[in-house]
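Okay, structure first, notes after.
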């Protein structure tokens, strides 16, 4: 990982990469703290703008501040693309997409009214706070969880497919048992009730009236509790298989999540 000792020997592009993508130097830490402050300010601005009384009195000021922040974030995004060796790889990465989505709503508001409220997506960028304050173990845990979810994606997909099939079958049965007179006016409506019941939310807007319907509802509720343990077990198994990760960002594509002993980026193959 880059340290402040060799920061002075880097090229200008490498320095900017270290400042923007990592927090191992004072300059990098100050940059990220400033960036997070601006993100918080932008989210606060769009939140205040949604309040009618504040919008009436301060609308033009908030609008101007919103555009100023958007232009700054746009410039930052362009610089990020410039300092990585493979900008396309960074643009397709998770943070690359989030950085892009963070600036699009304001421009989109010129075409679609009200879309600027999507600026709250910038709050996702606050995840960088973990690396700024050197909470490395939390970063590793987050990345291990991400890798575990990816590894378990196939199993979870099969599991969800089975659950959705059960929802459709139970919905069909409940539509047959209860019928229109008890609020189950269609199979989709019955499937909605099944999902609400299976997840134990229980809104109460649709309630089975027959004894058989109530019995099925009890079975569905118990089945719903059992569902919680299945995906948890799948992810737990995958978590136990994941190696230790560090916080180094690839100088080519800007993506992280590398093993501690990695010599090359696992995403693009560049030397670390």
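Report whether or not residue 13 is in contact with a helix residue (DSSP H, G or I) (Cβ under 6 Å, 6 or more places away or on another chain) and loosely packed, with under 14 Cβ neighbours inside 10 Å.
Values: in contact with a helix residue (DSSP H, G or I) (Cβ under 6 Å, 6 or more places away or on another chain): yes; loosely packed, with under 14 Cβ neighbours inside 10 Å: yes.
When the stated conditions are applied, residue 13 passes them.
Of all the numbered requirements in (1) outside the structural domain of residue 183 (by TED's automatic domain parsing); (2) farther than 13 Å from residue 147 by Cβ; (3) at pLDDT below 70, residue 265 misses one, and that requirement is (3). Within the span defined as segment 168-181, one or more residues are modelled with pLDDT under 90 and outside any helix (DSSP H, G or I). Is it the case that some residue within segment 252-262 is surrounded by 12 or more Cβ atoms within 10 Å (Cβ to Cβ), closer than 30 Å to residue 194 by Cβ and modelled with pLDDT under 85? No, because not a single residue in segment 252-262 is surrounded by 12 or more Cβ atoms within 10 Å (Cβ to Cβ), closer than 30 Å to residue 194 by Cβ and modelled with pLDDT under 85. When residue 208 is tested against (1) over 30 Å from residue 126 (Cα atoms); (2) part of a helix (DSSP H, G or I), only condition (2) is not met.
What number of residues in segment 81-97 are under 20 Å from the mean Cα position of the chain (by Cα) and either surrounded by 16 or more Cβ atoms within 10 Å (Cβ to Cβ) or modelled with pLDDT under 85 (or both)? Quick ask: steps written out before the conclusion?
Step one: list which residues in segment 81-97 are under 20 Å from the mean Cα position of the chain (by Cα), which gives 89-97.
If we keep only those that are either surrounded by 16 or more Cβ atoms within 10 Å (Cβ to Cβ) or modelled with pLDDT under 85 (or both) as well, we get 89-91, 93-96.
The total comes to 7.
The values are calculated or read from the model by the stated rules, or taken from the named source; none is laboratory data. Quick caveat: nothing in here was measured; it's all calculated off a predicted structure. Cβ sites come from the backbone with ideal geometry, for glycine too, and all protein chains shown count toward neighbours.
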